[in-house]
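Colleague: Okay, handing you the structure first.
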Amino acid sequence: MSRGVRRQRVPVALLVPAGLGLAFLVLPLAGLLLRAPWTTLPRRLAEPGVLTALRLSLETATVATLLCVTLGVPLAWLLARVEFPGRRLVRALVTVPLVLPPVVGGVALLLVFGRRGLIGSWLDETFGVTLPFTTAGVVLAEAFVAMPFLVIAVEGALRGADPRYEEAAATLGAGRFTAFTRVTLPLVAPGVAAGAVLCWARALGEFGATITFAGNYPGRTQTMPLAVYLALETDLQAAIVLSLILLTVSVVILAALRDKWIGST
Amino acid sequence: MRMLLDAHLVAERDGFTLDVRLRIAAGEVVALLGPNGAGKTTALRVLAGLHPLVAGHLTLDGADLDRPDRRVWTPPERRPVGVVFQDYLLFPHLSALDNVAFGPRRRGADRRAARARAQEWLDRVGLGDQARRRPRQLSGGQAQRVALARALAVDPALLLLDEPLAALDARTRLDTRAELQRHLGAHSGATLLVTHDPLDALVLADRLVIVEHGRVVQEGDAATVTARPRTDYVARLVGLNLHRGRADGHAVTVGELALTTADTVHGDAFVAYPPAAVALHPSRPEGSPRNVWAATVTGVQRHGDNLRVQLTGPVEVAADVTPAAAAHLGLIPGRSVWAAVKAAETRAYPA
């Protein structure tokens, strides 16, 4: 009768691969913790290079997320609420960066925003703005790979929200934009928050597109994942410390936001 | 009487065409009554600007809001129309007060003025002390009143209500209906109430417009509609047997049956009489009733203190009998009986 009394039988054929899968996911993280140089940790954390890379990572991931929210939420609304020819194609295009190897994304960004690129050359000549190998370039690379996460999450939330609330708002005198900001957006706020968290986590871990498009200059474009990669070649202990920090930051922020936003839906 | 709303609504939806003329005077409450799928809600959505008109026109308070032949269309947010939706659609993230203040705010009032107006309306519907509550904290009846206050707070020339009582339980419904009647009486604009419940329509409306299959089949005040139904649907709503036939003075021929009526009519005519006027006999009755025919029982249901017997034969008829009479006659489906109706209890009128 009650679930507590009757033990649920789990077939061995499922239990074994499930256990192996879990171990596969958890063991590397455990390895990281086991091999961490705990005694020298405080000193290593205080090294200026570490803090610089951490700050750069947090800042660029946050700015990239803001960029994704600003552009991605309206894009998600368009996909969810407006019938237009080629909508399926647009939706497919939005998800391309999800499956594209990030390095390829970085090359593609260079071709468009590089100094000889389609838009890059124009930006360079007209405004004297150069994007590749700058901090702004890091933000661009991160936003490129992270935006699909946000668009997909928000579009899903919008599809789940009753469009008749927008009709009710219209009968009360709200134009379509006002109905969106005053009614729809608050209704899908948990979805937007969930999308932003996913987007932020993806941006924080971004490596391939960043190193291709923005390079690896300490203090300017060297984010944590790049610092880990560089440290790995010279100093394994340093690489472990950096990885540990990245792991801690991601887990803490995800856990904090999950309780506050995502768990409630 | 000044007509506030003058509309000829022609709209299409899923291969279904609505073609309805509606005129509503200032202060008048009209009920659009009809079975499910008759096009009532489509008519309401067209009036609110949520569904396009393909032909006809919509004139409200002297202004053409819709006129497809002249390419005139007014978006919903610019119509002086308030809507109470069937499931209210109160914004779940706003308090009752902010829900009601939403309309005035969008129509140009500043925050303070909009909230003052909202508070005034909540007081008027008796929910002044619930202003800070979220919709999910309100009962069904309270949510209905907030929805009404929200629609009325923009002072609409036309108030639309879509099945305003359908979502409520029976007890709340009774109170809310009386309450609603009071507020509709005080509304100086035109009111259109969409419902499939005849009781709501009879209690709340000054005039009934009955639609079936997207067309108006009958309209008039409650007394006319209940006394002289013109379709089977209306007859069922008001609880009358209805036949259509050819009249020649006091005789109306319905199929193979000739009925004698008290009224005098010529040409196509309706004959209506209540189920209680139908007497059932085990054998052909002798004497006064002239309208007698053989019928077969197809069903028996409880109906108040009596039983309602469905009969087939030359005409389909419902008859109300007492349980004692039913027991005496042994009324079970398949049983043959004689039905009799006195001419004095029938009503005949031109079709």
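The values are calculated or read from the model by the stated rules, or taken from the named source; none is laboratory data. The structure displayed is predicted, hence computed values, not measured ones. Neighbour counts run over all protein chains shown; Cβ positions are idealised from the backbone, glycine included.
Colleague: Looking at A:ALA179, A:ALA136, which one is of a type in the set (A, V, I, L, M, F, W, C) and under 30 Å from B:ASP98 (Cα atoms)?
Modeller: One residue alone meets the criteria, A:ALA179.
Colleague: Would you tally the residues in region B:94-153 being among the aliphatic types (A, V, I, L, M), within 11 Å of chain A (Cβ to nearest Cβ) and surrounded by fewer than 22 Cβ atoms within 10 Å (Cβ to Cβ)?
Modeller: The total comes to 2.
Colleague: Condition first: more than 14 Å from every other protein chain (Cβ to nearest Cβ), in contact with a strand residue (DSSP E or B) (Cβ under 6 Å, 6 or more places away or on another chain) and either among the hydrophobic types (A, V, I, L, M, F, W, C) or over 19 Å from B:THR191 (Cβ atoms) (or both). Can you find one or more residues in region B:77-84 that meet it?
Modeller: Within region B:77-84, not a single residue is more than 14 Å from every other protein chain (Cβ to nearest Cβ), in contact with a strand residue (DSSP E or B) (Cβ under 6 Å, 6 or more places away or on another chain) and either among the hydrophobic types (A, V, I, L, M, F, W, C) or over 19 Å from B:THR191 (Cβ atoms) (or both).
Colleague: Just for region A:179-223: of the residues that are buried (at least 19 other Cβ atoms within 10 Å of the Cβ) and of a type in the set (S, T, N, Q), which one is nearest to A:THR70 (Cα to Cα)?
Modeller: A:THR184
Colleague: Being among the aliphatic types (A, V, I, L, M) and either in contact with a Pro (Cβ under 9 Å, 6 or more places away or on another chain) or assigned to a strand (DSSP E or B) (or both) is the filter here, so list the residues in region B:175-198 that pass it.
Modeller: Passing the criteria: B:LEU180, B:ALA190, B:LEU192, B:LEU193, B:VAL194.
Colleague: Are there helices (runs of 4 or more DSSP H) fully within region A:143-214 with at least 2 residues that are free of Cβ contacts under 8 Å to residues at least 12 places away in the same chain? List them.
Modeller: Counting at least 2 such residues, we get A:164-171, A:176-179.
Conditions (1) over 18 Å from B:LEU65 (Cβ atoms); (2) crowded, with 17+ Cβ neighbours inside 10 Å; (3) touching a Gly at 6+ places or on another chain (Cβ under 8 Å); (4) in contact (Cβ under 8 Å) with a residue 60 or more places away in the chain, marked per residue:
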site	(1), (2), (3), (4)
B:VAL10	no, yes, yes, no
B:ARG13	yes, no, yes, no
B:PHE16	yes, no, yes, yes
B:VAL20	no, yes, yes, yes
B:ALA26	no, no, yes, yes
B:GLY37	yes, no, no, no
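Per-residue answers, yes or no, for (1) of a type in the set (D, E, K, R); (2) within 20 Å of B:PRO229 (Cβ to Cβ); (3) in the same structural domain as B:ARG228 (by TED's automatic domain parsing):
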| residue | (1), (2), (3) |
| --- | --- |
| B:ARG246 | yes, yes, no |
| B:LEU259 | no, yes, no |
| B:VAL271 | no, yes, no |
| B:GLY330 | no, no, no |
| B:GLU345 | yes, yes, no |
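Colleague: Another question, then. Scan (1) without any contact (Cβ under 8 Å) to a residue 24 or more places away in the chain; (2) surrounded by fewer than 21 Cβ atoms within 10 Å (Cβ to Cβ) for the single condition B:LEU65 breaks and write down its number.
Modeller: B:LEU65 satisfies all of (1) without any contact (Cβ under 8 Å) to a residue 24 or more places away in the chain; (2) surrounded by fewer than 21 Cβ atoms within 10 Å (Cβ to Cβ) except (2).
Colleague: Within region B:106-137, can you find the residues that are more than 18 Å from B:THR176 (Cβ to Cβ) and in a loop (DSSP other than H, G, I, E, B)?
Modeller: Hits for region B:106-137 are B:ARG107, B:GLY108, B:ALA109, B:ASP110, B:ALA131, B:ARG132, B:ARG134.
Colleague: Taking the conditions exactly as written (more than 25 Å from B:VAL83 (Cβ to Cβ), within 14 Å of another protein chain (Cβ to nearest Cβ) and modelled with pLDDT under 95), does A:PRO163 satisfy them or not?
Modeller: Judged against the criteria, A:PRO163 is not a match.
Colleague: In addition: Which residues, taken from region B:209-218, are within 20 Å of B:HIS243 (Cα to Cα) and surrounded by 20 or more Cβ atoms within 10 Å (Cβ to Cβ)?
Modeller: B:ILE210, B:VAL211
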